[in-house]
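Have a look at this one before I ask anything.
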Amino acid sequence: MQPAELSATEIVAAVRQGDLTAVRCTEAFLDRIARLDGSINAFLHVDREAALATAARIDERRRAGKPIGPLAGLPVAVKDALCTADQPTTCASKMLAGFRPPYDADTVARLRAADAVIVGKTNMDEFAMGGSNENSAFGPVHNPWDLARAPGGSSGGSAACVAADMAPVAIGSDTGGSIRQPAGLCGITGLKPTYGRVSRRGLVAFASSLDQIGPMARSAADCALVLETIAGHDPGDSTSLAADVPHYTELLDQPLAGLRIGRVPEHYAAGLDPEVRAGVDEAFAVFRTAGATIVDVELPHAKYGVPTYYLVAPCEASSNLARYDGAHYGVRAEPGKGVRAEPGKGVRAEPGKGVRAEPGKGVRADEFASPLVEMYCRSRGEGFGPEVKRRIMLGTYALSAGYYDAYYAKALKVRRLIRQDYLEAFERVDLIGGPVSATPAFRLGEKTGDPLAMYLVDLYTVATNLAGVGGISFPCGFTKGGLPIGFQLQGPALAEPTLLRAADRFQRLTDWHTRRPKACA
Amino acid sequence: MTTQPVMPEPYVTVIGLEVHVQLQTQTKLFCGCSTRFGAPPNTQVCPVCLGLPGSLPVMNRAAFGLAMKAALALNCRIAAFTKWDRKNYFYPDLPKGYQISQYDLPFSADGWLEVADPKGAFARKVGIVRVHLEEDAGKSMHDEAVGTADSRIDLNRAGTPLCEIVTQPDLRSPQEARAWLNELKLLLVYLGVSDCNMQEGSLRVDANVNLHVPCPDGRIAKTPIVEIKNMNSFRSVERALAYEAARQYDEWQATKAELGKIPKQTRGWDDPAGVTRAQRHKEESSDYRYFPDPDLVPVTVSDAQVADVRAAMGEPPAVLRQALAERWRITAYDAEVLVNQGRELVAYYEDVATRVADGKVASNWLQQDVLRTLNERGGMIDTFAIRPEALADLIGRVQKGDFDTSRGREIFAEVLASGRSVADVVASLGIAAVGDDELVALCRELIAENPKIVADVQGGKEQAAAGLIGQAKKKNPNVNPGKVRQMCLDLIRGR
Ligand SMILES: [Zn+2]
């Protein structure tokens, strides 16, 4: 039995029955990471010993006849934006290099309590800002389907590691499409749950009102399995929803007959790749075969999604990222040494020991109001990458006195209109279908010189987050060049059972999700 | 030497206050850390108040309830819907780079608190613009030692709940500002909202002040508003405001600069030097980029919740003063003195007054003996050595005529010094009631020995009888002077 060929559901069943040990399963995936990740760069941190020790404890408990959790022995890769008490948590930023949080994110704690085995932390765009994973301070992730191409982002490492069978499931986070878009570009299944369905506690914040954690796996059924564990109310997150968690896996079997799926004409605007369009049309046909009806719906304000998103998210980010000031943790700039990581060293500011800027190295010392300001500027200047700085500046500007009403306040108004669009559409249909991205995976470096082109990769995904509803993406075909094409379903608040059931039904009728990149055999 | 008539100032001082009060909660506003003062630095912290990545705030309901209590006592309107906003600025003692505060929708607004006119004439209502809730920052400790300029940060205080109370510019003199602050402090301490300890930083005051100057043409000129910071006691608030008013008047005479012509200035109070000094311009102008905190949900408050808080509030000092005066038939002045000492002293007073069934007598003993002792020796009423039942015992003996008030005072002092009971002290001093026969015999003796005084009294000079009392005390220290006097007069006249 090759663990890498099993679904998460099969792995959990095999471990439970004793057909597979957690150690053997974990080892198999760790071996694949060791063999493949040199060329993919999906992981920022792998703790082989800790993972095997956890797996061994689970096996021991099972052998002793003691109870084991619902995900016992399942290897899980976790995006490096989620805090893990025993592992570095960097958000792929130099700013947090060496930072080890003293606590687990709620999602990580739930995974551990369910006896999942955390195999490592996955690469991402720095602070989850980006759609190609090229904004990582630790190098881009390579798409397993074509190593010269981007895996999408920001959860690019999570998507790529699942696509390359380096982990059966991974945890991602989605602020404007960061689970669904890379899942689509890497040919896997990714679910962005309703805002508040999964606790954000311990997720390093990018844009708090949009961020949502979700599962990424090879199938909708596997996403359902993981969601059952990570969803639920957390009293430590005021924005987490109190609603009961359904047994998602048990709700998959219901047929789709009578399901109404909306189709948005605006999604077919110029810029949609013809091969992607063909794949999406075929997907609609599959749903029709399964008994669903396809209805055209309008989301009239969807076209303002990207500009609205690129105001709301940077505004929140500019504030969320203010804490990285060099005074408390993470990196602090020192004279002539670039940045220094100072993990968990308590709190201590050293304004008097201010750094001296050197001639010809950018800022001059006399430009700083005080050594303290100099420490802030140097630490942030050297610790953050260019895209993070760009968004902090955008957000700071949009929140400034005199601009707030024209930008942030207006963006909130449009956001309400977008939410209203969805509410009205979901009176007519159960789900809304369409492309995840306008194009298949693009080449690494293709868009890095053009931030605006890069921002458009979120075209079909940002509105879901602005509306606070859920969405799932899964493969619906391949281009002639062998790149996956993604299909997206969006549903109303707490419609995860319907999203998962529809995607699962699609996967029972098609085999796109079972295809594997040749490079990773 | 001639006394100068007091000239009224040629201007009106207009003052508004901004008071920050730490709420007396067990835990911080958005996490479970203790708010205890004085713990070793950075021992009362957690990921939330340290602002560690991924941490999230959760509102402390108890803090919100306490803040509502303060706002209701300040006669504010409680908003049915309120939200949290982020105030963004960089400072090392602000670990998140923003403070969670309230911007455009504070939880309460439009209140007032009366202040007695310092000249005692009448009470004036001082308007309250708003009361909002926010988290405190940590503390920076700057090491001033030569050669090192390290700053250290203690985040124990970070996240402690703070109420910000902003008044209308309704105060009209430095004395009035101080009196109002005293009343505010008394109110908040009475309600158990805050200990208002300025030394520990649980009450902080900033003041806005300018002058309204009547001009010869009948117009009222307004001088630019100055904000004063760094005042560490109510006394320094009064001094700083007095200094600033005088300074502004001098400046007005020199420059004639009016409100709106120059930007608002911030000045720091230098207490030892007794002057305000302009602070650097950079520290004044900030753009805090307020926006709603997406980590917290808005708070809705129902009428029932407001009613619950109101019902559990207890009597605020102003109500208690009136109630005490009526209940015990004491003057408004006496009631004020007692109430201003705090709730514990009022309880002590009412205990004694009930036992001796005389509010006026109890009030006299409280003010002249108990309070004087506390003032001289320091200490709190709840640990005062003479408990209400002992004081009532002593007063009761005076009321019965066992001995007079001055003898009672001696006993009070002895009880306090020795820690013995009133009965013990009375016995050990040989104080025993003087019988009527004994008193008659003693007075006859005095009359026989003092023919001159007897003649004076018979001649109409009744006050001459006072000369007999000192002699009586020498013969028997336990005699009651009043009784001696009356008995002697009766005997002389009866002759
Ligand atoms: Zn805390």
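The values are calculated or read from the model by the stated rules, or taken from the named source; none is laboratory data. Predicted model only: the values in this text are computed from it and were never measured. Heads up, the Cβs are rebuilt from the backbone with ideal geometry, glycines too, and the neighbour counts pull from every protein chain shown.
Working only within the range B:8-33, note down all residues that are without any contact (Cβ under 8 Å) to a residue 60 or more places away in the chain and within 16 Å of the ligand (Cβ to nearest atom).
B:26, B:27, B:32
Take the residues of the range B:34-58 that are small (Gly, Ala, Ser) and more than 11 Å from the ligand (Cβ to nearest atom): which is farthest from the other protein chains (Cβ to nearest Cβ)?
B:38
Could you tell me which numbered condition residue A:478 fails, if it satisfies all but one of (1) within 21 Å of residue A:438 (Cα to Cα); (2) buried (at least 20 other Cβ atoms within 10 Å of the Cβ); (3) more than 20 Å from the chain's Cα centre (by Cα)?
Failing condition for residue A:478: (2).
Could you say which residue among B:312, B:347, B:318, B:353 is more than 27 Å from residue B:65 (Cα to Cα) and small (Gly, Ala, Ser)?
The match here is B:353.
Among the residues that make up the range B:151-165, is at least one of them over 15 Å from residue B:45 (Cβ atoms), modelled with pLDDT under 95 and in contact with a His (Cβ under 7 Å, 6 or more places away or on another chain)?
Checked the range B:151-165: at least one residue is over 15 Å from residue B:45 (Cβ atoms), modelled with pLDDT under 95 and in contact with a His (Cβ under 7 Å, 6 or more places away or on another chain).
Of the residues A:279, A:291, A:236, only one is at pLDDT 95 or above and crowded, with 22+ Cβ neighbours inside 10 Å; which?
Of the residues listed, the single one that is at pLDDT 95 or above and crowded, with 22+ Cβ neighbours inside 10 Å is A:279.
A further question on this structure: If I filter the range A:187-212 down to residues being away from every other protein chain (no Cβ under 14 Å) and basic (Lys, Arg), which single residue comes out as surrounded by the fewest Cβ atoms within 10 Å (Cβ to Cβ)?
A:197
Let me ask another. Any residue in the range A:169-186 that is assigned to a loop (DSSP other than H, G, I, E, B), at negative phi and within 13 Å of chain B (Cβ to nearest Cβ)?
Within the range A:169-186, one or more residues are assigned to a loop (DSSP other than H, G, I, E, B), at negative phi and within 13 Å of chain B (Cβ to nearest Cβ).
Quick one: which residue in B:355, B:372 is assigned to a helix (DSSP H, G or I), out of contact with any Asp or Glu (no Cβ under 7 Å at 6 or more places or on another chain) and not assigned by TED's automatic domain parsing to the domain that holds residue B:483?
Selected residue: B:372, the only one of B:355, B:372 that is assigned to a helix (DSSP H, G or I), out of contact with any Asp or Glu (no Cβ under 7 Å at 6 or more places or on another chain) and not assigned by TED's automatic domain parsing to the domain that holds residue B:483.
Check whether at least one residue in the range A:294-308 is more than 14 Å from chain B (Cβ to nearest Cβ) and within 30 Å of residue A:13 (Cα to Cα), and report yes or no.
No, the conditions are met nowhere in the range A:294-308.
Cβ-Cβ below 8 Å, separation at least six or inter-chain, first residue in the range B:87-98 and facing chain A (nearest Cβ under 7 Å), second of a type in the set (Asp, Glu) and surrounded by 19 or more Cβ atoms within 10 Å (Cβ to Cβ): which pairs?
Listed by first residue and then by second, the contacts come to B:90/A:325; B:92/A:325; B:97/A:325.
Same structure, new question: Being aliphatic (A, V, I, L, M) and over 18 Å from residue B:169 (Cα atoms) narrows it down to one residue among B:240, B:245, B:273; which is it?
Selected residue: B:273, the only one of B:240, B:245, B:273 that is aliphatic (A, V, I, L, M) and over 18 Å from residue B:169 (Cα atoms).
Let me ask something additional. Can you go through B:425, B:440 and tell me which one is at negative phi, more than 51 Å from the chain's Cα centre (by Cα) and not polar (S, T, N, Q)?
B:440
Filter the range B:81-118 for residues that are on the phi > 0 side of the Ramachandran plot and buried (at least 21 other Cβ atoms within 10 Å of the Cβ) and give the result.
Within the range B:81-118, just B:97 meets the criteria.
Having 1 or more residues that are at pLDDT 90 or above is the bar; report the helices (runs of 4 or more DSSP H) wholly within the range B:262-348 that clear it.
It comes to B:303-311, B:317-328, B:332-339.
Let me ask another. Working only within the range A:259-282, note down all residues that are assigned to a strand (DSSP E or B) and aliphatic (A, V, I, L, M).
A:261
Tell me whether the range A:93-104 contains one or more residues that are within 23 Å of residue A:379 (Cα to Cα) and within 18 Å of the chain's Cα centre (by Cα).
Within the range A:93-104, one or more residues are within 23 Å of residue A:379 (Cα to Cα) and within 18 Å of the chain's Cα centre (by Cα).
Still on this structure, I have one more. List the helices (runs of 4 or more DSSP H) inside the range A:13-125, counting only whole elements, that have at least 1 residues being of a type in the set (Gly, Ala, Ser), within 21 Å of residue A:231 (Cα to Cα) and away from chain B (no Cβ under 14 Å).
In the range A:13-125, A:106-113 are the helices (runs of 4 or more DSSP H) which contain 1 or more residues that are of a type in the set (Gly, Ala, Ser), within 21 Å of residue A:231 (Cα to Cα) and away from chain B (no Cβ under 14 Å).
Moving on. State the number of residues belonging to the range A:451-470 that are in contact (Cβ under 8 Å) with a residue 24 or more places away in the chain, assigned to a helix (DSSP H, G or I) and surrounded by fewer than 24 Cβ atoms within 10 Å (Cβ to Cβ).
Qualifying residue count, the range A:451-470: 4.
Inspect the range B:62-81 for any residue being touching a residue at least 12 places away in the same chain (Cβ under 8 Å) and within 14 Å of chain A (Cβ to nearest Cβ) and give the result as yes or no.
Checked against the condition, which is being touching a residue at least 12 places away in the same chain (Cβ under 8 Å) and within 14 Å of chain A (Cβ to nearest Cβ), the range B:62-81 yields at least one hit.
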